[in-house]
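The values are calculated or read from the model by the stated rules, or taken from the named source; none is laboratory data. What you see is a predicted model; the values in this text were computed from it and never measured. No Cβ is skipped: glycine too gets one built from the backbone with ideal geometry, and neighbour counts run over all protein chains shown.
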Amino acid sequence: MTTVSGLDALLSRFFEFRLVRNGVPSHEGPTVATIPDASDCELAILEFDDQGLCLARQAMKELTAALQRLDGRNPIILVFAHGWKHNAASSDDNLEHFTNLLRQTATTEQTQGGKRPVLGVYAAWRGLSRYGNWFWTQFSFWDRQSAAERVALGSARELLGRLKAFRNGPAGADGKARATLVVIGHSFGGLLVYKAVAQSLIEAAATQEKVVPSFGDLVLLVNPAFSAVSYLPIHEIIKQATFDADLLPVCVSVTAKKDWATGLAYPAGALGSLITEAWRDREERQALINTMGHLSWMRTHEIAKAAPSAETRLTAGADRPPQGATLRALSTHDRQATFGQVTVRRLPNLPPSPFWVASATPDVVGGHNGIFTPEFIGFVRDLVTAHITKAR
């Protein structure tokens, strides 16, 4: 039998409605800070309000100063734009896991004899707008979508533009870019990233042979929450394209098979576009209301947990060798490859390309926010390491 005090606590929790104020920083501390227990590794945190403006212009200046300090050292720059129900609070697990990824990247660089510094950039916004009871929190999905659209068109573009300019600035005597730039976006953070780099990716797809996006080395979208119609131009190009045989993936989208947020909530909120928009055929109609990872005709790869083996056990640690050759092979002639703890399979009857739209089984990506499993972190680390090794 529920006690009176227990009932009061239950009712209090059910009727608890709390808002996170717009324009109030969730991060406490300096914009750029050294990561403990990591060699030559820094983390920069920049926050944006619901209208897309940088909360503190000084933060942008401090990031620029950090880039100037790294000029000439060919740094490794990893960017992460978080998604729904997250922010830049020190207790946020997205920030914690991203910091660990930076630490592992720096360790791998040192282990392999490299001397390149690592800079992480955490692009934060009010993904967590309200909390309290479960319903109050879950039904923030659609208003956070609108906020993400505005953030994608605001100062976040300035941030990514500054990083692009640094990477593509005057090259050294060897003709290489000044940095390796990897941009990761999760959920509505994927929307933010894609809106900023779409033009660069479309141009890279159209080039076909030596695909080098002007924006960066790799764009990784995890459970991206935006309409697949935005990706249709790239999809149309790669269906009949012939790509160079020595290519690493340059754009990888991974969607969990059991992601209810992009699989159910997003289509429900997008149904109105079927009334206000016109479409040419069935595929365009489906692309209007679905994200690309949930469309079977748009998917190119499947990611699943690898069967245990001696080889898998040997390569599962942070010191496993670079997987560039494996990833290149998967982009060209092989249809399946196992590295780390996952197996990636290219779907039949599809031409190889460096543009991947993949689905992931629950033991690799456990739903919308279950993106930091050891299996998926290992996969991300392999992608990043392959591009670092190629640049080296």
### Message
Residues that are within 18 Å of residue 219 (Cβ to Cβ), part of a helix (DSSP H, G or I), out of contact with any strand residue (DSSP E or B) (no Cβ under 8 Å at 6 or more places or on another chain) and among the aliphatic types (A, V, I, L, M): does the range 150-167 have at least one?
### Response
yes
### Message
Could you go through the range 53-65 and let me know if any residue there is over 20 Å from residue 29 (Cα atoms) and buried (at least 16 other Cβ atoms within 10 Å of the Cβ).
### Response
no
### Task
State all residues of the range 272-305 that are in contact (Cβ under 8 Å) with a residue 12 or more places away in the chain, of a type in the set (Gly, Ala, Ser) and not in a helix (DSSP H, G or I); if no residue qualifies, say none.
304
### Message
Of all residues being among the β-branched types (Val, Ile, Thr) and more than 21 Å from residue 126 (Cβ to Cβ) in the range 45-92, which is farthest from the chain's Cα centre (by Cα)? Just the residue, please.
### Response
64
### Query
How about the range 335-363: which of its residues are touching a residue at least 40 places away in the same chain (Cβ under 8 Å) and over 19 Å from residue 219 (Cα atoms)?
339, 340, 343, 345, 347, 350, 351, 361, 362, 363
### Scope the range 108-125; condition touching a Pro at 6+ places or on another chain (Cβ under 9 Å) and either assigned to a helix (DSSP H, G or I) or of a type outside the set (A, V, I, L, M) (or both); matching residues
108, 109, 112, 116, 117
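Residues are listed down the side, and each one gets a yes or a no for (1) touching a Gly at 6+ places or on another chain (Cβ under 9 Å); (2) outside any helix (DSSP H, G or I); (3) under 12 Å from residue 45 (Cα atoms); (4) of a type in the set (Gly, Ala, Ser):
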| position | (1), (2), (3), (4) |
| --- | --- |
| 65 | no, no, no, yes |
| 79 | yes, yes, yes, no |
| 90 | yes, yes, yes, yes |
| 97 | no, no, no, no |
| 101 | yes, no, no, no |
| 106 | no, no, no, yes |
### Task
Identify the residue in the range 228-262 that is surrounded by fewer than 20 Cβ atoms within 10 Å (Cβ to Cβ) and closer than 22 Å to residue 139 by Cα and, among all such residues, is modelled with the lowest pLDDT.
260
### Task
Could you run through the range 50-90 and say how many residues are among the hydroxyl-bearing types (Ser, Thr, Tyr) and closer than 30 Å to residue 368 by Cα?
1
#### Entry: Top-ranked residue in the range 333-392 [being within 25 Å of residue 290 (Cβ to Cβ) and charged (D, E, K, R); ranked as surrounded by the most Cβ atoms within 10 Å (Cβ to Cβ)]
346
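Specify which of the listed residues (189, 154, 185) is modelled with pLDDT under 90 and either of a type in the set (Asp, Glu) or on the phi < 0 side of the Ramachandran plot (or both).
From the options 189, 154, 185, the qualifying one is 154.
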### Query
Which of the residues that make up the range 37-59 are outside any loop (DSSP other than H, G, I, E, B) and more than 20 Å from residue 118 (Cβ to Cβ)?
47, 48, 54, 57, 58
### Per-region count, the range 49-84, residues closer than 22 Å to residue 216 by Cα and aromatic (Phe, Trp, Tyr)
1
### Query
In this structure, does residue 86 turn out to be surrounded by 13 or more Cβ atoms within 10 Å (Cβ to Cβ), of a type outside the set (A, V, I, L, M, F, W, C) and at pLDDT 90 or above?
no
